[in-house]
1. Looking for one value pair here: nearest-to-axis residue in chain D (by Cβ) for the rotation onto B, and the distance in whole angstrom.
2. Given +1 on the Cβ of Lys and Arg, -1 on the Cβ of Asp and Glu, and no further charges, what dipole in debye does the protein assembly as shown carry about its Cα centre, rounded to the nearest 20?
3. Return the percentage of antiparallel bridges among DSSP beta bridges fully within chain C, rounded to the nearest 5 %.
4. Can you list the residues, at least 5 places off or on another chain, whose amide H is less than 5 Å from the amide H of residue B:240, using H built in the peptide plane?
5. Which residues of region D:1-39 end up with at least 30 Å² less accessible area in the presence of all protein chains than when their chain stands alone, using a 1.4 Å probe?
6. Quick one: accessible area per residue over the protein assembly as shown, 1.4 Å probe, rounded to a whole number of Å²?
7. I'd like the Karplus ³J(HN,Hα) series for region A:56-61: coefficients 6.51, -1.76, 1.60, θ = phi - 60°, whole numbers in Hz, and an x wherever there's a Gly or Pro.
8. For region D:86-135, list whatever residues lose no less than 50 Å² of accessible surface once every protein chain is in place, relative to that chain by itself, with the probe at 1.4 Å.
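The values are calculated or read from the model by the stated rules, or taken from the named source; none is laboratory data. In this text the structure is predicted, and so the values were computed from the model without any measurement. We place every Cβ from the backbone using ideal geometry, glycine too, and count neighbours over all the protein chains shown. Accessible surface is based on the protein model in full, side chains and every heavy atom, while ligands, DNA and RNA are left aside. Shrake-Rupley method; radii C 1.70, N 1.55, O 1.52, S 1.80 Å.
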4 protein chains.
Amino acid sequence: MAVTGVLRPGYVQLRVLDLDEAIQHYRDRIGLNLVGVEAGRAFFQAFDEFDRHSIILREADSPGFDRMAFKVAKDSDLDHFAERLLGLGVHVDNIPAGEDPGVGRKIRFNTPTNHVFDLYAEMELSETGPAVRNPDIWLAEPRGMRATRFDHCALNGKDVSATAKIFVEALDFSVTEELIDEASDTRIGIFLSCSNKAHDVAFLDYAEDGRVHHISFNLESWHDVGHAADIISRYDISLDIGPTRHGITRGQTIYFFDPSGNRNETFSGGYTYYPDNPRRIWQAENAGKAIFYYEKALTDRFMTVNT
Amino acid sequence: MAVTGVLRPGYVQLRVLDLDEAIQHYRDRIGLNLVGVEAGRAFFQAFDEFDRHSIILREADSPGFDRMAFKVAKDSDLDHFAERLLGLGVHVDNIPAGEDPGVGRKIRFNTPTNHVFDLYAEMELSETGPAVRNPDIWLAEPRGMRATRFDHCALNGKDVSATAKIFVEALDFSVTEELIDEASDTRIGIFLSCSNKAHDVAFLDYAEDGRVHHISFNLESWHDVGHAADIISRYDISLDIGPTRHGITRGQTIYFFDPSGNRNETFSGGYTYYPDNPRRIWQAENAGKAIFYYEKALTDRFMTVNT
Amino acid sequence: MAVTGVLRPGYVQLRVLDLDEAIQHYRDRIGLNLVGVEAGRAFFQAFDEFDRHSIILREADSPGFDRMAFKVAKDSDLDHFAERLLGLGVHVDNIPAGEDPGVGRKIRFNTPTNHVFDLYAEMELSETGPAVRNPDIWLAEPRGMRATRFDHCALNGKDVSATAKIFVEALDFSVTEELIDEASDTRIGIFLSCSNKAHDVAFLDYAEDGRVHHISFNLESWHDVGHAADIISRYDISLDIGPTRHGITRGQTIYFFDPSGNRNETFSGGYTYYPDNPRRIWQAENAGKAIFYYEKALTDRFMTVNT
Amino acid sequence: MAVTGVLRPGYVQLRVLDLDEAIQHYRDRIGLNLVGVEAGRAFFQAFDEFDRHSIILREADSPGFDRMAFKVAKDSDLDHFAERLLGLGVHVDNIPAGEDPGVGRKIRFNTPTNHVFDLYAEMELSETGPAVRNPDIWLAEPRGMRATRFDHCALNGKDVSATAKIFVEALDFSVTEELIDEASDTRIGIFLSCSNKAHDVAFLDYAEDGRVHHISFNLESWHDVGHAADIISRYDISLDIGPTRHGITRGQTIYFFDPSGNRNETFSGGYTYYPDNPRRIWQAENAGKAIFYYEKALTDRFMTVNT
């Protein structure tokens, strides 16, 4: 196959303060299917995903990021990537099947920005995923914000360049765009793709490690971004900013917070990326336009609030 | 990189009866940029493509398909794929740089359905492609149908299974969907992807080889599909069918003919494909729904007219 | 007020063969609110309508049109219009409050095309209509096809000119567009507005009187027309034609049939009409483009099937 | 006709600092047709308007509002409304044909908020307006922001209630929505309609009279609001706020400034108004949500910058 190695963001596990409240938000507002609840964790799948789950919420005393898992194309890729990670001096743990329901064996590593990542090759198929025999475009009418899939995470930490280097050199990601302070040659933001998407994960410079800026869900259109905004106002969900567009990725977007304070994004569009595309470079003095293409200015909340 | 080997449909060369008339159609109606005209051929680029050209029109006595070229990730891929093609018994020609302006060396092969394909690794960048330094979302306002890129070809011939086998076994394409006459175990249509797109090339069963059913351009949204329909009526372009949706790929689409009778498609949407996705299977008795999800019936013109 | 006299299509009563089946169609697929069922009639309201109901379905042995009711601005308008109808030789019946739940007194007349119309000034407010104090854009998320309102009827009969004359001369409607066979000076279609809408009722030439061609519901956008098409295919609703656009009114539209065979339309857009606008005239030889702006051709089913 | 008396906002005359710069903005960015320039004034028409012009720009030393003109249904309406204005104690001037090219006689009055209004019954038809014989949906592809028409003005001044009273009592406008400080029983904003539109003119409480908050243009869809935002960023037009939605009118909107500092709005949607609709009331404590439904907060610039 021509899409090889790391295929996509498979799932993310977030911490939430109140699981019932969180279930209402992710199921009824974002529109995910609740797969099940077990041992203090709730599992969700979006209507256009084949695999069992893409979001795990764990009830805890503080919100935030537990770990993000990428799916690879085949089991032997796990050994291949483990070797390359070790070659870069990155410690790798082998996690046998069973830690997460329906998921096969995993390898786990931590980044200089202190984010835990898993790679896995096997997950059970969802019972509510797309049909494959004379399939309708969906089984049940999408509801709430009509999220089609979990799309990516943006993670905060100190040495984003060191973390990005692992994704590029050990895992074959491409850097699609960078936001650079040219005076100090510092990367403020690095956007990485393992696919034709404009980003599959992003790292954002921040004074504290291990933080999550947002988790993001794909929508079908700008029309649905507007509908998401309507849902946000109607149900008094805490809006961050939007509807707007990013300069970086060109995605049309809206940001808001789940009841525990974790930032969510729902977005549509963005260019189709190929690894022969020139890298797009944003200078720090254009950071406003890079992040919020219409407003051309950053907000304190966007730059300082994360979990 | 995780998108490896064959990256994407790079360009297609079609025959047209009158080059001036064709230029008006592809430039002013579909909205491509005219790169240049030389020696009876016109070259076009879509506003969101980095490379020099994606469409070549050659003036000739009959319309139809000359050849389609795929871009590969690196020069050594050309040798690698040549070897694998030869391993399948497929004859390979080496075409030195210079046959097409701005394009490096190519390898060329023919399929059982008598379609010529080129692979190449190098093309000059376009002067009208996307900016890469603090880029705006486009340099000039998209015009006409606002085609973002050349997207794929659908080609007609007799032994589509044999042709698809080459793309899968030598070039690492995935079969995303098939339309099957289960009684005779015959493939009526095979849809192949080398990327996250639902298809990059398709082969459709037909009694004559070497034919092109349509070449397709991507649009940003269903809104733009409707706008394309408006353009088609306003300028008396020959409509085939649409706006409608495909069951296969789920793309929202409209078909029409260029002044020489070559069928064009402009479409948006369609699912994001990953190589671990189950293959979607359509039974021949659902061919109507597979092709035209709303009408649930095929038309004679769609099944019998090609060039 | 500057919108005076006849305000809008208030409601229509149709006959259906099976009330339960019809309720599922109009409530779950078109997305209306079921107000209640009494004495063999079901009453529906669309989410953006203030008044109690806009659709009445009556179970009967054959599908079709019972009557259409227009709301007028004030009670005295009923007497005023009764007088003007009588002045044109049109018989008028006075229907006391109570025939339809929640509706005040009505006046009733019949047309040369044998369609019964009611005028009324009073209807109870809906409990599920828009809020009026710090209102959200909707109370509950629109569902199904997300119809915002009952919009208009198109009715078939022989002498459409004589019927239109009543609406113009007695009720102050404007003719916005006409489809004319200029050779015979015959009106094939007459489109009438009492508002800023491109039409509030239309009369279409047909060999039999008292028929209904379609009843129509407004949608917010072309995006929702596409979504309606998805719903139609997913639930195997009988599609007539669309998504497409009308030349007449410029509305973006899709036609389908309720389970009893009554034709429904859901549409969006269309121009804003003012009574000083020049009348738009379509010649019979352009009837295809007038009705289906993209296809530029009529279909037998559209021209001959009605109830 | 059922739309009677005052039909619609016909045109507005604004002052601009530099006519050439303003022409580029209104013609190339908003997408109006330039009708002509004479004696320091430029005249514009939107592609979907039948009449000669809807915007007049006059070069002057300061930006701002000269006057707004409403079209009435017939010449005798001018006398009728003059009489009713005089009946309310409002001074009326008769302006003979010729002041504005292509426009018939006018009557003129001033409001307590010191805004000059004209009423007129006759204007020449545009040469670039919609076709009326087998009309295409547009003659030339809409360009720039694709404004379909001049839609309304929002005007600032001290005694907005006294001004609104004139529109209601002398000109038959309806108050569709009010933003009220209930503690002091003060109207902060009054929205008035003479049609099925949610507003044709609005008055906003402000400490200085004779100011214009914004002039507004209609777009076809939320998609086009997004496109307007893209245009604004691409050409470095000064953005005020948006894309967002209003609670009042429910319009989907974006605000920006012309090169002279006059605020423009382009918007789509909003409900269809009928004079029997209950009046929507917003309390001052919900002013944020009333004005910016998503942000639920006002901005200083929006409240204090006008011309």
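1. Nearest residue, distance rounded to whole Å: D:223, 2.
2. 0 debye
3. 70 percent
4. B:255, B:256, B:257
5. Residues of region D:1-39 that lose at least 30 Å² of accessible area once the other chains are added: D:1, D:2, D:3, D:4, D:7, D:8.
6. 32 Å²
7. With the stated coefficients, region A:56-61 comes to 10, 10, 10, 5, 8, 7 Hz.
8. Buried by 50 Å² or more upon assembly, which counts only protein chains, are D:132, D:133, D:134, D:135.
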